Structures are given as C-alpha cells and as structure tokens.
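The values are calculated or read from the model by the stated rules, or taken from the named source; none is laboratory data. Computed from a predicted model, the values in this text were never measured in an experiment. Methodologically, a virtual Cβ is constructed for each residue, glycine included, from the backbone with ideal geometry; neighbour enumeration extends over all protein chains shown. All accessible areas refer to the heavy atoms of the entire protein, side chains included, with ligands and DNA or RNA removed. Shrake-Rupley method; radii C 1.70, N 1.55, O 1.52, S 1.80 Å.
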Amino acid sequence: MEQNLAFSLAGQTALITGAGLGIGKACALHMARQGARVVIADKDPQRLAETGTLLAEDGRQALALTCDVTDEAAVTSLFAEAQEKGFTPDILVNNVGGGRSGRIWDMDVDDWDHTMRLSLRSMFLCTRAALPAMMDQKYGRIICLSSGARNGTVWNAFHTGACAYSTAKAGVIGFVRDLAIELADHAITINAVAPGPIDTELAGPYLRKMHEDGLEYSPIRMVPLHRLGTPEEVANAVSFLASPEASYITGSTLDVAGGR
Ligand SMILES: NC(=O)c1ccc[n+]([C@@H]2O[C@H](COP(=O)([O-])OP(=O)(O)OC[C@H]3O[C@@H](n4cnc5c(N)ncnc54)[C@H](O)[C@@H]3O)[C@@H](O)[C@H]2O)c1
C-alpha cells in the first residue's frame with residue numbers, strides 16, 4: 001500500500017514495543033520511513049532480527065533490543081541501554097498487548113493476570129521509564145494501542161469469550177485520559193489508537209477463518225467496510241499522532257476500525 005509520508009519525524013527517536021510482528025513492525029517501518037531513528041523492542045529475538053533486517057534493507061537507523069516489557073528490571077535496562085547508545089525516545093509506542101480468551105466462568109487467574117500484564121503493566125512500565133527524558137526536554141509523544149474491544153469485541157465475546165482482553169483495552173483509555181492531564185504542563189501528549197480486526201501474521205488467519213467458516217458474528221461480516229484492516233493502516237494513524245503536527249491532540253482515542 002502507498003503510505004502517507006506527509007508527516008515528518010526527522011530528527012526524532014521512536015521506541016516501539018512488540019516490533020517483531022504485526023502492527024508494531026508496521027509502525028517501526030513507517031516511522032523510520034518518516035525519518036525517525038527507531039528502537040525496536042520485542043521479547044522474541046528471532047522476530048526482532050527479521051524487523052531489523054527489513055529496516056536495514058530500507059537503509060534506516062535502528063537499534064534492536066530484546067526485552068520482555070512486562071518485566072520491571074528488563075524495562076529499566078531497555079531504556080538505559082537505548083539512552084546509552086544515543087537513542088533516547090521522543091516517541092513511545094506502547095504496542096504490546098493481547099492475552100488469553102476464555103469464558104469468564106472457566107478462566108484461570110493466571111490467564112486473567114497474563115492479559116492485564118501484557119496490556120496494562122507493560123504500558124505503565126514503559127511510559128514511566130520514558131517520561132524523565134521527555135519531561136527534561138519538554139516534548140514527547142506517547143501512543144498506546146487500545147482496541148475496538150474496549151467496548152466489547154462482539155465476535156470474540158460470542159465465539160470464545162474475551163472479557164479479560166476487553167477489560168484491559170478499556171483500561172488503556174483510562175490511562176490515556178488521566179495521563180493526558182498529568183502531562184499537559186510538560187508538553188507531552190498521550191493518545192490511544194484503537195484498531196478493529198487487523199490482518200496481522202497471528203490474528204489475520206483466525207479473523208478470516210471466522211468468515212470462511214460462515215460464523216454469524218464474523219468481523220468481516222460485522223465491520224461496515226467488510227474487510228480486515230492492514231497493519232500499515234494502523235501505522236498511518238500512530239505515525240500521525242506521533243508527529244509534531246498532532247500537537248493539539250491529547251487524551252484522545254483514534255479508531256482505525258473500518259467503521260465499527
Ligand atoms: N491484530 C489485531 O487485529 C488487533 C486489533 C485490535 C488491537 N490490537 C492491538 O494492537 C497491538 C499489536 O497487535 P498485533 O496483533 O500486531 O500483536 P501480536 O500479537 O502479533 O504481537 C506483536 C509482538 O509482540 C511481541 N510480544 C508479546 N509479548 C511481549 C512482551 N511481553 N514483551 C515484548 N514483546 C512482546 C511478540 O513477540 C510479537 O512480535 C496489541 O496491543 C493488540 O492488542 C490488535
């Protein structure tokens with residue numbers, strides 16, 4: 001897909017969590033093409049290396065760091081190493097999220113906690129680690145990945161149960177709304193992007209199969225545009241909110257959800 005390069009990120013550094021696949025990978029490639037130096041972080045070194053290769057083939061400046069962003073000590077080291085290597089982030093994309101589906105009456109506490117850790121604990125830890133440098137320079141852009149699921153994911157709820165995931169993604173909105181006020185005096189903006197069903201390496205086949213199997217509540221049936229979104233379409237929205245041009249937008253949620 002032809003990408004919109006209208007918003008320049010030249011001279012800025014962006015740290016993207018979960019950049020080994022899907023939306024995070026698309027954000028890293030898009031922001032790098034807009035001129036940002038990127039720090040790509042992922043717990044999977046193999047996936048990270050693949051994104052690193054794509055960035056290198058594209059001639060972009062990138063630093064790849066393996067990190068489990070739910071681990072406090074690992075996040076502290078991630079930001080310290082990025083800073084040491086001259087990659088202090090002006091932009092943070094809290095992209096890691098996901099979790100385990102299940103009917104609430106069957107759900108183990110571990111599955112519930114895992115889902116909260118992945119979306120909420122990672123977002124808290126990375127934002128807290130990124131803020132001191134942003135506050136010093138009185139500039140920063142933070143973008144957090146929520147989901148259409150913040151209002152309930154009809155297809156997941158109906159077919160598998162997705163209460164934990166929807167709860168976590170609603171939590172992202174509370175985080176962004178409150179923090180926008182806390183950070184306003186520091187000229188740091190924080191916003192959420194809420195994708196609908198996106199054709200990523202992991203989610204895409206599952207989302208398409210619901211349609212192929214003729215399930216009543218399939219995303220392709222229920223989304224007004226009647227197709228899955230692409231990771232690049234989400235990256236376009238993230239990159240806009242990361243740009244200097246988005247200076248009067250904070251505490252907002254931008255849906256990239258095909259009309260749903
Ligand atoms: N794909 C969709 O349809 C969709 C829809 C709405 C919202 N979202 C949200 O968008 C974000 C990205 O989704 P995606 O489908 O591209 O992600 P994904 O599940 O494909 O994973 C992206 C990357 O995150 C990495 N990762 C997982 N746990 C990690 C951890 N603890 N520390 C570091 N890295 C970790 C994985 O290794 C992987 O490379 C998530 O927050 C997701 O909830 C996705």
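Quick notes
- Among the GluC sites (Glu not before Pro) in region 1-90, those placed in a DSSP loop whose Cβ has at most 15 other Cβ atoms within 10 Å are Glu2.
- Expected 222 nm ellipticity per residue - DSSP helices of 4 or more, -39500 (n - 2.57), all of the chain, to 500: -13500 deg cm²/dmol
- Charge context of Ala170, other residues only, Cβ under 15 angstrom, K/R +1, D/E -1: +1
- Exposure ranking of Lys43, Lys25, Lys209 by accessible area [1.4 Å probe, largest first]: Lys43, Lys209, Lys25
- The chain - percent of accessible surface contributed by carbon and sulfur, probe 1.4 Å: 53 percent
- Legend: calculated FRET efficiency, Glu50 to Ser77, from the Cβ-Cβ distance at R0 = 30 Å, rounded to 0.05, equals 0.85.
- Straight-distance candidates among the lysines for linking to Lys138, with alpha-carbon spacing under 27 Å and chain neighbours fewer than 8 residues away dropped: Lys85.
- Surrounding net charge for Arg47, when Lys and Arg each add one and Asp and Glu each subtract one, Cβ distance under 14 Å: -3
- A viscosity of 0.692 mPa s and a temperature of 37 °C, combined with the Kirkwood radius over Cα pairs in Stokes-Einstein, give a translational diffusion coefficient for the chain of 179 µm²/s.
- Of Ser146, Ser77, the residue with the largest accessible area leads and the full order is Ser77, Ser146 (1.4 Å probe).
- By a 1.4 Å probe calculation restricted to protein chains, Cys163 has an accessible surface near 70 Å², given to the nearest 10.
- Once the 1.4 Å probe is applied to the protein heavy atoms, the chain comes out at 45 Å² accessible per residue.
- Relative to the longest principal axis of the Cα atoms of the chain, the long axis of helix 22-33 lies at roughly 30 degrees.
- Residues of region 155-185 with an amide N closer than 18 Å to a point placed 7 Å from the Cα of Trp105 along the Cα-to-Cβ direction: 157-164.
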